[in-house]
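The values are calculated or read from the model by the stated rules, or taken from the named source; none is laboratory data. Computed from a prediction, not measured in an experiment: that's the story for all the values here. Because the Cβ atoms are built from the backbone with ideal geometry, glycine has one as well, and the counts that use them run over all protein chains shown. Calculation scope for accessible area: heavy atoms of the full protein, side chains included, ligands and nucleic acids excluded. Shrake-Rupley method; radii C 1.70, N 1.55, O 1.52, S 1.80 Å.
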Amino acid sequence: MMKLGTNTGSLVNHMYSRMVLNEPMPEIGDAATLLSWSDRHPATVVEVQNIRGTVYITVQEDDHTRIDNNGMSESQEYTYSPNPNGPLSSFRKNKKGFWESVVFNLETNRWNKRGCGGIKLGSREYYYDYSF
């Protein structure tokens, strides 16, 4: 879960990061949306692991193409396609049931919480906040 004003400046992203109740177990190929300070990026689940009872997922950012003619507007429409070279991001489900961004440390052989970024599973969405 992203904390409003600390991890995200977007009320929408904050609310999306909390949408985990009755969420099915993610599967490879599922749609995802990466949540940042105020933008959103489409992604696809490419790996699901259960390590000692904790679920870890890796998602890969998808390509997006804008299809509307609304200019610098809140109303934005995009099409999405897989990007096999897109950046990877990892998340784990914490004890409270929320997804948290993690990175694997090769030196310690452990997953470390990043403290930024969130994810919403089940749909792809790109949003660019023109106010920044």
- Item | Neighbour-limited loop hits for chymotrypsin sites (Phe, Trp or Tyr not before Pro), segment 22-117 (at most 16 other Cβ within 10 Å; DSSP other than H, G, I, E, B) | W37
- Return the loop-located GluC sites (Glu not before Pro) in segment 93-132 (DSSP other than H, G, I, E, B) with at most 10 other Cβ atoms within 10 Å of their own Cβ; answer none if there are none. E107
- At most 16 other Cβ within 10 Å, DSSP loop - trypsin sites (Lys or Arg not before Pro), segment 24-130: R52, K95, K96, R114
- Between S131 and C116, what is the label-to-label distance in nm when each label sits 7 Å out along the Cα-to-Cβ direction? 2.0
- Nearest-0.05 FRET efficiency for K96 and T65, computed from C-beta distance (R0 35 Å): 0.45
- Message: Ignoring ligands, DNA and RNA, please state the percent of accessible area on segment 17-104 from carbon and sulfur, probe 1.4 Å.
- Response: 51
